[in-house]
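Each reported figure results from applying straightforward, stated rules to the coordinates on display, with no laboratory input. A quick note: this is a predicted structure, and the numbers were derived from the prediction, not measured. With ideal geometry, Cβ positions are generated from the backbone for all residues, glycine too; neighbour counts draw on all protein chains shown.
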Amino acid sequence: MINLNLEFLKRDKLLSFSLIIVFIQIFIALFAPVLGFQDPYKIVVMERLKNPNFVNFFGTDHLGRDVLARVVYGYRTSLITSSLAVIISLIIGGTIGLLAAYYKGLFDRIIMRFMDILFAFPILLLAIGIIAVIGPSIWSASIAIAIVYTPIFSRLIRGPALVICQTEYVESAISIGASDLRIIVYHILPNITSVILVQSSLLLSAAILVEASLSFLGLGAQPPIPSLGLSLSEGRNFLLLSPWPAIFSGLAILFLSFGFNLLGDCLRDRLDPKLKSEFDSSL
């Protein structure tokens, strides 16, 4: 179980720093319409490919659109697409992993071999193949990433769930006639919450990169929707004339992915019993 005592935030400055980075980026993405940014869809051809200035702090792109506004709204696109994909894959993959660990036997062998087949495909290649079938869009990218990450979550959750299924309190619950659903929900799931939190944060960081890659290839967000990967793809064609759209879009992808990756690493250090004891002893 997770200890909700927040005292560790005062001691773990790196975790506090990662939370601040993630919070700021999510806040800007969610409240972009009320924070006074320019219209990311507004085209001003006479202002195309401008360098950063007091009106357009990040400059303008090849259509005269404000790069800062495109980046900020691109944050929203990336977060929505990636978060939806991780949530879907967590629900489906987590359920599969829990059921496989609890029932074991033939069900475990069959379902996990199917997950192994999906897991064998390269992530980006499988996502491209799925989008080629259902068509490119934001939602197609979410579905593709969710399918790709489902076997990852199922394998990650099945491992610790198998260990918990062999504990005395689970065996006691079975012996007194508790239902399978009650055992899974009240005895197994709460004890793997830390694993879910850590892996969700780490995989969200990776999902952001996958979404950006798909949009860069033209398989994710479609013009004129603001997208970091799409802005990077469009900006690469004008690097010699104005590198700013590509530079700022690339940096945005870097910081967004870095924030969640750092948060996942810090959560793992705090929630893993072995790493937590080493961390506490070093303070």
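Quick notes on this one:
- Checking (1) 20.8; (2) 19.5; (3) 22.8 against the coordinates, the calculated Kirkwood radius over Cα pairs in Å falls under label (1).
- Farthest toward the positive end of the dipole of the chain, out of ILE196, LEU68, ALA206, is the Cα of LEU68, where the dipole comes from beta carbon charges about the Cα centre.
- Lysine pair number, Cα distance threshold 20 Å (strictly under), the chain, separation 8 or more or different chains: 4
- The chain: DSSP helices with Cα axial extent of at least 18 Å and average Kyte-Doolittle hydropathy no lower than -1.0: 13-30, 67-103, 105-120, 138-165, 193-216, 244-271
- Remark: spin-label model distance ILE247-ILE196 equals 4.4 nm, labels positioned 7 Å along the Cα→Cβ axis.
- Compared with the alpha-carbon gap, the fully stretched path from SER16 to TYR186 is longer by 58.2 nm at 0.36 nm per residue.
- Applying 0.36 nm per residue to the separation of LEU254 and ILE134 and subtracting their alpha-carbon distance, the gain on full extension is 40.3 nm.
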